[in-house]
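Below is one structure, written out as C-alpha cells; comments come after it.
The numbers here are math on the coordinates, done by the rules we state, and not lab data. Please read these numbers as outputs of a predicted model, since none were measured by experiment. Cβ placement follows ideal geometry from the backbone for every residue including glycine, while neighbour counts extend to all protein chains displayed.
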Amino acid sequence: MREKIMAKNLVVKSLNIENFTLFEKENLNFSSGLNIIIGENDTGKSHLLRLLYSLIESNNFVILEKADNKRYLLQKSIPQKLIDIFKTEKLAHLIQNGQDKCHIKINLTKYNIKFNFTQKTKIQVNINKNDVPARFIKQLTLQTKTPKITKTIKKVIRCISQLVF
C-alpha cells in the first residue's frame, strides 16, 4: 500500500472565488480551528467542500513530485482533480452561467495559489509564475492530521453526493 506524504501544518487561511459554479464572488476566511459550513439547500456547501478538497489534493500531489517545474504540475493537476471530483466533462461546466472566466485564490499557511480558467480552457488552468512559491514546503511528514481531515472530507462528500445526486 502506497502511503501519502502530506505537507505538515498545511492550513487553509482563506479562499477567494469568482464565477465558480454557484458563487458569483465570495471571500471566505477560515479560523485556525474547526470551521463549520452551514446553509440552505442548493447554496454551494458541497461545491465549496469539493473545491477545497480538489485544491488540497492537487497541492499534495505536487509536493510529492520531485520535478523542477511545480507550476506546470499544478496547472495540470488542479483541472484534472476538479473534473474528477465534480464529475464533469470539462472545466467550462464549473464556470458560473453567463460568465466567461473563473478566478480562484487559496491562501495557505506557507503560500498562496491563484489561478483562473475560461470557457475555452481544455487541459490546464492558468497560474502566474509569481503565484506559485519558489519552493514548496520542505518539511514533509507521514504523521499529520491532514490525512484524517482528507479522509473525513472524502466521507462527507460521498455522503452528500449520495443524498444530492
Between Gln119 and Val11, what is the FRET efficiency for a Förster distance of 45 Å, r being their Cβ-Cβ separation, to the nearest 0.05?
0.85
In region 23-44, which residues have a backbone nitrogen under 16 Å from the label point lying 7 Å from Thr88's Cα in the Cα-to-Cβ direction?
23-26, 43-44
Step through the table entries Lys70/Lys114; Lys45/Lys155; Lys120/Lys155; Lys45/Lys81; Lys90/Lys155; Lys25/Lys114, compare each Cα-Cα distance with 21 Å, and write down the pairs that go over it.
Lys120/Lys155; Lys90/Lys155
Computed FRET value (nearest 0.05) for Leu22 with Asp100, which takes r as the C-beta separation and R₀ as 25 Å
0.90
